[in-house]
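Report on the structure given below.
The values are calculated or read from the model by the stated rules, or taken from the named source; none is laboratory data. Computed from a predicted model, the values in this text were never measured in an experiment. Here Cβ is always computed from backbone atoms with ideal geometry, including for glycine, and neighbour counts include all displayed protein chains. When the accessible area is computed, the model is the full protein with side chains, heavy atoms only, and any ligands, DNA or RNA have been set aside. Shrake-Rupley method; radii C 1.70, N 1.55, O 1.52, S 1.80 Å.
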Amino acid sequence: NIPTVRGRNSLAVVGRMAILFGGTTKDNRLCPNDTYVLNTETDEWEKYPAQGDVPNARGGHAVVLNSKKRMLVFGGRSQHKPSLHNDLYSLNPDNMKWIQMQCVEVPESVEKATLCASGEN
């Protein structure tokens, strides 16, 4: 269950879970839109099946944890859509279910960006 070597991926830590999503291989191919979790207490990886509104495979996306401990994924680039994404997804680490978020105002598409959460948002 160990993920392949990858770059341009995301990793967010929630409690004892390090959640890995997306990225590209050494030869710059997209990794599948799979989600892996590293248990930081046992150092064991587990691959989770895709559930809900799963984002397309992508690399160069930005990730942040919000105050509800949800992993938010924004932007990036995929082979299915050569242009940049400007979509936003939320992963609930309690049930590993994805939801596509509906934004009131959609920012420009991004790749290789950073997100930051502050306060109660």
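State yes or no: is Val73 within 10 Å of the chain's Cα centre (by Cα) and in contact (Cβ under 8 Å) with a residue 60 or more places away in the chain? Spelling it out, Val73 is indeed within 10 Å of the chain's Cα centre (by Cα) and in contact (Cβ under 8 Å) with a residue 60 or more places away in the chain.
Candidates are the residues of region 38-64 that are at positive phi and either open to solvent by 30 Å² or more (accessible area, probe 1.4 Å) or modelled with pLDDT of 95 or more (or both); the one that is nearest to the chain's Cα centre (by Cα) is Gly52. Of everything in region 25-37 that is charged (D, E, K, R) and over 18 Å from Val14 (Cβ atoms), the residue that is least open to solvent (accessible area, probe 1.4 Å) is Asp27. The test for being assigned to a strand (DSSP E or B) and under 15 Å from Gln100 (Cα atoms) does not hold for Val37. Can you tell me how many residues within region 73-91 are open to solvent by 30 Å² or more (accessible area, probe 1.4 Å) and either under 19 Å from Asp34 (Cβ atoms) or of a type in the set (A, V, I, L, M, F, W, C) (or both)? Result for region 73-91: 6. Taking the condition under 20 Å from Pro3 (Cα atoms) and outside any loop (DSSP other than H, G, I, E, B), does Val54 pass? For Val54, the condition - under 20 Å from Pro3 (Cα atoms) and outside any loop (DSSP other than H, G, I, E, B) - is not met.
The residue list Ser67, Ser10 contains one member that is touching a residue at least 60 places away in the same chain (Cβ under 8 Å), open to solvent by less than 80 Å² (accessible area, probe 1.4 Å) and of a type in the set (Gly, Ala, Ser), which is Ser10.
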